[in-house]
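Chemist: I'd like to ask you about the structure that follows.
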Amino acid sequence: MAAGLLGEYVARRTALVATAIPGTRAAGALSDLTDETVSALAGAASSAAGARFALFATGGYGARRLLPHSDIDLLIISHGDPRELESVVRGVVYPLWDAGLVVGHQVRSPTQHVRAIGEDIENLTTFLTARLVAGDPALADRVLAMAFQRVRKLARRAARSFLERERPGSPYLLEPDLKHGAGGQRDIDELVWHAAMHAGTSVSDAAPLVGAGLLTADERDALGHAQEAITAARWAIHASSERARHTMTLDDAALPGVDADAVQRALETVHHTLLCVRERLAGIPEHPAPPLDLQGLRRAAAVGPEGLPALERLAREGAFDGIAPRFSEMMPLRRPALSHRVTVGAHSLHALAILGAARDTDTPSAVHDALLVAALTHDVGKRDLASGHAARGAVDAADAARRLGLTPRTAWMATTLVREHLLLTDIALHADTSDEDVVLAAAARLGDRSLVAPLFRLTEADMRATGPDVWTPWRATMIADLAAKIDAALSPEIDGAGIVHAAERTRAEAIRRSSAVGASRTVLAFCEQAPLRYLADRSAQQVIRDARLVQSLAGPGRTGEFALDAVPEAVPGTWRLDIVTRDRPGLFATLAGVIALAGLDVLAAEAYTAANAIAVDSFVVASATRADADERTWTTLRSLLDDAIASRIDIEVRLAERRRHYPSRARSRVTPRVRAGARGAFSTALRVEVPDRVGLLHDLAHVIDRAGFDIRRAAITTADGVARDTFELADAEGAPPGPAELDGTLVPQILETVATSWADDPTLR
């Protein structure tokens, strides 16, 4: 008979799980079906029992919340010898085990049961939802009466035990534990336990708390909706995974019957309702949180991450809505991402707490206030599904700053931080930060050096608040390095933002002019890809001329080693030389040496590396003999360039010969000065001020190359017999050398070279 009952039960159970709409009705139907089967099994086995017994459903089964893979908890009470109930246990429990169900059972006498309730809080809570399934109703009533008499005596201690329990995690987790986590089934269970102790009988919901003044009718209704959403999700997860799994993953959100947004709201509702009931039980008067002002925001943030539950409570009660309207609506807002662990609002509060706790005495109050506003509002733009939440959030940040009475400067800082809060992360993790143009473009977006340090702090707080494994040492290093480069680019000496603005104006004009005359694709590509520093120092006309040189060097079918153009400058007797060739080690020294051998003095120079490793070097020159340069001069120069690039001449030897035949005309008595400037994002400036002489620029560049440094850019000026040169240097790894490194190695070598030049040239002594 048992086999037939179990076969029918399993079949009906399988069909119910497959077809039922997930929710409390399905759980109730499965509980009823199980009741029917357990009662039939118990009835069939009771004839062999020599004692009266009562079989109770307890726990979730007793509350009629049985899920596809929930435990079936049974309690058997009998006056007789427990051994006399062996046939009932074998007849009820064993067949259910054989069917693959998880069954927990206890066999006790009434006295044992009452004693067990007093000994262990778990025994008490398990029994608070007990209901009779099979056996003697009179015995059941007597047992319930005895047990609840004991419960009333233990009610205060039990309630205190409940109040001291902490739920793991937060109701705002994107992958919450729907059973044990904050706002989950165990929070609902606690409310039901409180209700049962106040009612003095077994109950299945928290309704009795309304009559006790511990729950409002609206809260009771909200709990009913929450129970429905949570039960539906748990049912769907059980059915999908075919096991008793409690965590709702991001993938589970797509299951039929799961409304992830409704579940998130349900967890929030349950958790905060439980907190309110706990406070009412403890006699704590209710004081709705007032809207926060600036001082209130500072105090709230100062609690740090340990005080997140308090911040969540404030947000739930609308305390932050006076700063950022509708912030409370963000608390259950799900915008699932693999990296995020909590809802949008909870994430923002976590970032706020991190920044609030991390303030140091060196941080000005205005910067601290801007960071707090930015942390609170940086993700409010996610209320809308459209992209561009940072830009929308900046509007809210400006409004929040106005509401808090912040100064215009502080409001601007908060707004900019929100608008750019993804800048460091996006560039550091997804772009080539060794590309100077990338850093300069980022610097232009910020535009102000004072924003760099606060943006780094906001980025760190944002990532730490996202999840425990997001702010890794590697990411921290990458982002810190980028921030340092942006900071250097925005230094007064560099003004990276100004470089970008000037460069983009030049680029646009060069492209416009080139397009108007039908320039080739090579010319247009050069204009589009040219480095920012190069463009910032050039006019559109100069860029176009260089682009045509690049075309003559590297255009379709071109095989030349270099391209050269010479045009007269505005000052009579001076010429501008533009030389385009493929970049190589020591190139600048080679070009400078060749120009000196051609009988030309370098008055100014700039050196750049454009796209595709093409070097674009410009020199303003004059004849060393005061004679006008002519076509023979350029022919000689081209011939020397051919020989030098092909390594057919020794520039050092040839320059020594020229110095003997053409001694320097300089009469300057300036004391040589060589000093390293501040370390920049990609290079460190080396400034040289020395008397000019034949081949000086070549010698300086040669010493720099021999010392293992790369000239990324050079700015050369010569006037009144004095060369004032600036070289922007990088080391062999492409990093900016420290000023101390230059002072200890390169500077002495340059001074030695200059001193040797003085000794060799009588006109300089």
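Computed from the coordinates by the stated procedures, all read-outs in this text should not be read as laboratory data. This one's a predicted model, so the numbers in the text were calculated from it and none came from an experiment. Note that we place each Cβ from the backbone using ideal geometry, even for glycine, and neighbour counts take in every protein chain shown.
Chemist: About the Cα centre of the stretch 294-490, what is the dipole size in debye to 20, counting +1 per Lys and Arg Cβ and -1 per Asp and Glu Cβ, all else neutral?
Modeler: Once rounded to the nearest 20, the dipole reads 680 debye.
Chemist: So if I restrict to the alpha-carbon atoms in the stretch 153-230, what is the Rg, and what is Dmax, the biggest pairwise distance, in Å?
Modeler: Gyration radius and largest Cα-Cα distance of the stretch 153-230: 12.9, 41 Å.
Chemist: For a bin width of 5 Å, list the pair-distance distribution of the stretch 562-625 built from all Cα-Cα distances, rounded to whole %.
Modeler: Over the stretch 562-625, the share of Cα pairs per 5 Å bin runs 4, 18, 30, 25, 14, 7, 2, 0 percent.
Chemist: Of the options 433, 358, 376, report the single residue whose Cα projects farthest towards the positive end of the charge dipole of the stretch 294-490 (beta-carbon charges: Lys, Arg +1; Asp, Glu -1).
Modeler: It is 376, whose Cα lies furthest towards the positive end.
Chemist: R0 = 56 Å: FRET efficiency of residue 119 with residue 432, Cβ-based, nearest 0.05?
Modeler: Efficiency computed from Cβ-Cβ geometry: 0.25.
Chemist: If you project the alpha carbons of the stretch 491-560 onto their three principal axes, what span does each projection cover, largest first, in Å?
Modeler: So the three principal-axis extents are 44, 27, 15 Å.
Chemist: For the stretch 2-163, take the alpha-carbon Rg, divide it by the Kirkwood Rh, and send me Rg/Rh.
Modeler: Rg/Rh for the stretch 2-163 comes to 0.99.
Chemist: Taking the Cα centre of the chain as origin, work out the dipole magnitude from +1 charges on Lys and Arg Cβ and -1 charges on Asp and Glu Cβ, in debye rounded to 20.
Modeler: Charge dipole of the chain: 900 debye, to the nearest 20.
Chemist: State, to one decimal in nm, how far the label point of residue 504 lies from the label point of residue 242, with both points 7 Å from Cα in the Cβ direction.
Modeler: Roughly 5.8 nm, to one decimal.
Chemist: Taking just the alpha-carbon atoms of the stretch 213-309, what radius of gyration and Dmax come out, in angstrom?
Modeler: 17.5, 52
Chemist: Taking +1 at the Cβ of each Lys and Arg and -1 at the Cβ of each Asp and Glu, which of 653, 22, 193 sits farthest along the dipole of the chain towards its positive end, judged by Cα position relative to the Cα centre?
Modeler: Result: 193.
Chemist: Now, a different point. Assuming 0.36 nm per residue, please report the length gained on full extension of the stretch residue 386 to residue 539 beyond their Cα-Cα distance.
Modeler: Length difference between fully extended and current span is 51.0 nm.
Chemist: Follow-up. Rounded to the nearest 500, what is the chain's calculated 222 nm mean residue ellipticity when only DSSP H runs of at least 4 contribute -39500 (n - 2.57) each, over all residues?
Modeler: Value at 222 nm, helices only: -17000 deg cm²/dmol.
Chemist: For the stretch 198-267, which GluC sites (Glu not before Pro) pass both filters: DSSP loop (anything but H, G, I, E, B) and at most 12 other C-beta atoms within 10 Å?
Modeler: 242
Chemist: Still on this structure, please answer the following. How large is ³J(HN,Hα) for each residue in the stretch 646-651, as worked out from phi by the Karplus curve 6.51 cos²θ - 1.76 cosθ + 1.60 (θ = phi - 60°), to whole Hz, x for Gly and Pro?
Modeler: Listing the rounded values in order: 8, 6, 8, 10, 9, 5 Hz.
Chemist: Now for a different question. Starting from 0.36 nm per residue, how many nanometres of slack lie between residue 521 and residue 11 once their C-alpha separation is accounted for?
Modeler: Residue separation times 0.36 nm, minus the Cα-Cα distance, leaves 176.2 nm.
Chemist: Give me the orientation-averaged projected area of the Cα convex hull of the stretch 565-764, in nm², one decimal.
Modeler: The number I arrive at for the stretch 565-764 is 11.0 nm².
Chemist: Also, quick follow-up: I'd like the Kirkwood hydrodynamic radius of the stretch 1-72, using the inverse of the mean 1/r over distinct C-alpha pairs, in Å.
Modeler: Final number for the Kirkwood radius of the stretch 1-72 is 13.1 Å.
Chemist: Shifting gears a bit: Across the chain, how large is the tail of the calculated P(r) beyond 38 Å, expressed as a percent of all Cα pairs?
Modeler: Roughly 59 percent, rounded to a whole number.
Chemist: Of 635, 267, 424, which is farthest on the positive side of the dipole of the chain, counting Cα position, with +1 on Lys and Arg Cβ, -1 on Asp and Glu Cβ, and the Cα centre as origin?
Modeler: The residue sitting farthest along the positive end of the dipole is 267.
Chemist: In addition: Kirkwood hydrodynamic radius of the stretch 294-490 from all distinct Cα pairs, in Å?
Modeler: Here the Kirkwood hydrodynamic radius works out to 16.7 Å.
Chemist: Based on the Cβ-Cβ distance from residue 89 to residue 477, what FRET efficiency comes out when R0 is 51 Å, to the nearest 0.05?
Modeler: The value I calculate is 0.20.
Chemist: In Å, what Kirkwood hydrodynamic radius results for the stretch 680-730 from the alpha-carbon pair distances?
Modeler: 11.3 Å
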